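Colleague: Next up is a structure, given as C-alpha cells.
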Amino acid sequence: METKIPIEDVSAQGGSILDTGTEDPRLIGELHSKENNFTSNENPLKCELRRSRHLQSDGEHTTGTPVIEVINVKKSYILADMEVPILHDINLEVREGEFLAIMGPSGSGKSTLMNLIGFLDRPTEGKIIIKGLDINELSDKEVARLRGLEIGFIFQTFNLIPRLTALENVELPTYANIRSGIDAHARAKELLTLVGLEDRMHHKPGELSGGQSQRVAIARALINDPAILLADEPTGNLDSKTGCEILNMFTRLNEDGRTIVMITHDPEIARYADRIVLVKDGIIQNNSE
C-alpha cells in the first residue's frame, strides 16, 4: 500500500507576499516598488552584491530546520557493461531559508547533484531527504507530487514551451500538481506582474528577450509556492546586466524566506549566496560561508 502524503506535510512556508489570492497590502507595495527594478530599460539595476538577511542575524541559517539532507550519496551510470561513477560519498545539509551555491567546473557532478536534490533522479546509494521525506521510501507518484509542490526549477536554457504564451508557460506545472483552493490563472498573472512582465503575458517565448524568458521561468517555478528553488546556471545565457537583475531577484525571494540552491561555475555569481559548496571530481571539496 502506498503512503499518502498529506498536503499539510508538504506545504511551503506561509505568509509569503506571493500567496495566491491575497489582498495583503505588502504584495501591492512589492509590485509597485519592484516594477521599475525588474523592467530595466529606463532605470538600470545597479549590480551590487546583496547578501541574505541570514548572514546578518548571528548565523540564523545554521540553526534552522534542515529542508534538504544528502546522506552518504553515491551516483553512477551504466555505460554498456561499465559502471561510470559520478558522485562519491556526498553529504550535504541545507537549512530552511538558506541561499546555497554549489560551484564547480564542467563535469564536476554539480548538476547531477542538483538533479538528485530535485528528485529528478534517484541515488545509486545513500539517502536524499526533502522536508523529512526520504525519496527511497516514496513511490514514483509520491515523488512526483512532492517535487511538483515543494521544488521549483529554473534552468539556464529557460525550458519554455515555444507554442505557449508566457502566461500559459507559467500555468503549466499546475496541470500535474496544484495546491487546493488555488486559482492557477490568477496566480500566474500575479507572478508575471511581480517579475515585471504584465505587458508580456500573451507573448510567446520567441517574442521575448533572454532576460524576459528567464523571468517567465522564475514565475513558473513559483506557481505552486514551493519551499525550495533549484537554479542551474540561471544567468548562463544572459548578459551581465540582465544576469545581475536575475540574481538580485533571487536575493529578494530568499529574503522572503525561500530556500535557494544555485548551481554555478562562476565565483562572482556564487558570492550572492550565504554559503558556497565546491564540487570537484564528484566529491565535495569545500563547504564554506
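The values are calculated or read from the model by the stated rules, or taken from the named source; none is laboratory data. The structure displayed is predicted, hence computed values, not measured ones. Ideal geometry is used to build each Cβ from the backbone, glycine not excepted, and the neighbour counts take in all protein chains shown. Surface accessibility is based on the protein's heavy atoms, side chains included, excluding ligands, DNA and RNA. Shrake-Rupley method; radii C 1.70, N 1.55, O 1.52, S 1.80 Å.
Colleague: For Ile182, which of the numbered conditions (1) out of contact with any Phe, Trp or Tyr (no Cβ under 7 Å at 6 or more places or on another chain); (2) modelled with pLDDT of 95 or more fails to hold?
Modeller: (2)
Colleague: Go through (1) assigned to a helix (DSSP H, G or I); (2) out of contact with any Lys or Arg (no Cβ under 8 Å at 6 or more places or on another chain); (3) open to solvent by 30 Å² or more (accessible area, probe 1.4 Å); (4) farther than 21 Å from Ala101 by Cα and name the single condition Ser213 misses.
Modeller: It is condition (3) that Ser213 fails.
Colleague: A further question on this structure: Under 16 Å from the mean Cα position of the chain (by Cα), small (Gly, Ala, Ser) and at pLDDT below 95 - does that describe any residue in the range 236-243? Can you show your working first?
Modeller: Looking only at the range 236-243, we keep the residues that are under 16 Å from the mean Cα position of the chain (by Cα), and these are 236, 243.
When the remaining residues are screened for being small (Gly, Ala, Ser), the result is 236, 243.
Add one more test, that the residue is at pLDDT below 95, and what stays is 236, 243.
Yes, that holds for at least one residue.
Colleague: Kindly indicate the residue of the range 60-95 that is surrounded by 18 or more Cβ atoms within 10 Å (Cβ to Cβ) and over 15 Å from Ile128 (Cβ atoms) and also modelled with the highest pLDDT among those meeting that condition.
Modeller: Arg95
Colleague: Can you pull out every residue in the range 258-287 that is open to solvent by 10 Å² or more (accessible area, probe 1.4 Å), farther than 19 Å from Asp89 by Cβ and of a type in the set (S, T, N, Q)?
Modeller: none
Colleague: Right, another one. How many residues, within the range 191-206, are open to solvent by less than 30 Å² (accessible area, probe 1.4 Å), touching a residue at least 40 places away in the same chain (Cβ under 8 Å) and not in a loop (DSSP other than H, G, I, E, B)?
Modeller: The total comes to 3.
Colleague: Which of (1) open to solvent by 30 Å² or more (accessible area, probe 1.4 Å); (2) touching a residue at least 40 places away in the same chain (Cβ under 8 Å); (3) outside any loop (DSSP other than H, G, I, E, B); (4) under 18 Å from Ile102 (Cβ atoms) does Lys141 not meet, given it meets every other one?
Modeller: (4)
Colleague: Hey, another quick one. Would a scan of the range 163-172 turn up a residue that is open to solvent by 30 Å² or more (accessible area, probe 1.4 Å) and modelled with pLDDT under 95? Show your work before the answer.
Modeller: Filtering the range 163-172 for residues open to solvent by 30 Å² or more (accessible area, probe 1.4 Å) gives 163-164, 168, 172.
Still in the running and modelled with pLDDT under 95: none.
No - not one qualifying residue is present in the range 163-172.
Colleague: Does any residue of the range 251-260 turn out to be outside any helix (DSSP H, G or I), touching a residue at least 24 places away in the same chain (Cβ under 8 Å), in contact with a helix residue (DSSP H, G or I) (Cβ under 9 Å, 6 or more places away or on another chain) and on the phi > 0 side of the Ramachandran plot?
Modeller: For the range 251-260, residues outside any helix (DSSP H, G or I), touching a residue at least 24 places away in the same chain (Cβ under 8 Å), in contact with a helix residue (DSSP H, G or I) (Cβ under 9 Å, 6 or more places away or on another chain) and on the phi > 0 side of the Ramachandran plot: absent.
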